[in-house]
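Read through the structure below, which is laid out as structure tokens, and then see the notes.
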Amino acid sequence: MKARFIINPTAGPKRGRIVERVSAAAREVFLGGQGLFDIKVSERKGAVAELAKDAARLGFDFVFVSGGDGTVNEAASILVGTGTALGIIPMGSGNGLAGALGITGDVKKAVGLLKEGRVREIDAGCACGRYFFSTAAFALEARLSMAYDRGFIARRIRGVLPYAPIALIEYMRYRPPLVKVSADNESFELVPLILTAANADRYGKGAYIAPGASLDDGLLDFCAAPRVNLWRSLALARRIVFGGVERSKDLRRIPARHIRLSGAGEWTVELDGEPFIWKGEVEIRVMEKRLKVLAP
């Protein structure tokens, strides 16, 4: 057995000594057994992808990433379609995929899955030419992610706390266009508040958008809600954060393999917690069981 551990030293609040903690956990797993491991620290943007690609080329059985949703996505995108399985040591503020897989932030337990876990094959979503494994968002939820990512407060206080004031500001600023949605054989139009393609059941931070969604059913759960007044929007947000979103009358949920969005010249997009701008029509597809992951 060969395993590579890739560490993002900046992910998550007050993580400290993460290299030492991962090294100690790995030595315990490999002690007295056959196999080898190495530990690499990501020192710059793009290094996680390069290190994951190198590990797959060298025939490593597992690539573990220690970091947040963006770090996990970067490595997972490289490992799609390879024989190398992804391991996750969740150290971010969201940890969407790790949460959906049932992986906790305990370093020893996460690494210990090499002995006690199992390899699953999960689906990969594709949108705007990029992979996602938890959620892809295209309306207010994506704008909120970008505002959070760029915000003065969020750069200093990670976690859920900065979201409330940012969400209110972005809601007041948000002026969505009329969007046409095509989800397999179903088509409709709406002025959206939420447009999310969910492979997992959650965004991260314990916020559930598609309870019961499966990572390996060959389908995405497309969730759409129209822009409604502030009080109804707050009620929907509360259900997403605290539970019960499946009972919301404002949220529509459609299982689909292929989704097309049109009507906006420019989109704010967020894939697995990473926001960016996309111009033109949006194509979203699911690729069945394309990523191997180590899970409980």
Query - Every residue from region 178-201 that is outside any strand (DSSP E or B) and surrounded by 13 or more Cβ atoms within 10 Å (Cβ to Cβ) - result: 184, 191, 199, 200, 201
Query - Cross-chain or 6+ apart pairs with Cβ under 7 Å, region 142-159 first and in the same structural domain as residue 268 (by TED's automatic domain parsing) and at pLDDT 70 or above, then assigned to a helix (DSSP H, G or I) and among the hydroxyl-bearing types (Ser, Thr, Tyr) - result: 148/163
Query raised in the report: So which helices (runs of 4 or more DSSP H) stay within region 1-90 end to end and still have 2 or more residues that are modelled with pLDDT of 95 or more and buried (at least 18 other Cβ atoms within 10 Å of the Cβ)?
Result: 47-57, 69-79
Query raised in the report: Yes or no: residue 135 more than 17 Å from the chain's Cα centre (by Cα), at pLDDT 90 or above, under 30 Å from residue 258 (Cβ atoms) and polar (S, T, N, Q)?
Result: no
Query raised in the report: Got a sec? Which of 244, 280, 265, 273 is without any contact (Cβ under 8 Å) to a residue 12 or more places away in the chain and out of contact with any Phe, Trp or Tyr (no Cβ under 7 Å at 6 or more places or on another chain)?
Result: 244
Query raised in the report: When you go through 278, 267 one by one, which is the residue that is of a type outside the set (Gly, Ala, Ser), buried (at least 20 other Cβ atoms within 10 Å of the Cβ) and part of a strand (DSSP E or B)?
Result: 267
Report task. Might you let me know whether region 230-241 holds any residue that is part of a loop (DSSP other than H, G, I, E, B) and either of a type in the set (A, V, I, L, M, F, W, C) or surrounded by fewer than 21 Cβ atoms within 10 Å (Cβ to Cβ) (or both)? Result -> no
Query - Complete set of residues in region 221-248 that are charged (D, E, K, R) and touching a strand residue (DSSP E or B) at 6+ places or on another chain (Cβ under 6 Å) - result: 221, 227
**Report entry** Boolean, residue 288 is touching a strand residue (DSSP E or B) at 6+ places or on another chain (Cβ under 9 Å), under 30 Å from residue 60 (Cα atoms) and surrounded by fewer than 17 Cβ atoms within 10 Å (Cβ to Cβ)
**Finding:** yes
Query - Out of 25, 3, 76, sole residue that is out of contact with any His (no Cβ under 7 Å at 6 or more places or on another chain) and farther than 28 Å from residue 206 by Cα - result: 3
Query raised in the report: Looking only at region 100-150, which residues are of a type in the set (Ser, Thr, Tyr) and either closer than 19 Å to residue 206 by Cα or part of a helix (DSSP H, G or I) (or both)?
Result: 104, 134, 135, 145, 148
Query raised in the report: Do the conditions hold for residue 198, that is, is it among the hydrophobic types (A, V, I, L, M, F, W, C), at pLDDT below 95 and in the same structural domain as residue 269 (by TED's automatic domain parsing)?
Result: no
Query raised in the report: Taking region 174-187 as the region of interest, how many residues are free of Cβ contacts under 8 Å to residues at least 24 places away in the same chain and not small (Gly, Ala, Ser)?
Result: 2
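The values are calculated or read from the model by the stated rules, or taken from the named source; none is laboratory data. Here the structure is a predicted model, which means the values were calculated and not measured. Neighbour counts are summed over all protein chains in view; Cβ atoms, including those assigned to glycine, are modelled from backbone coordinates with ideal geometry.
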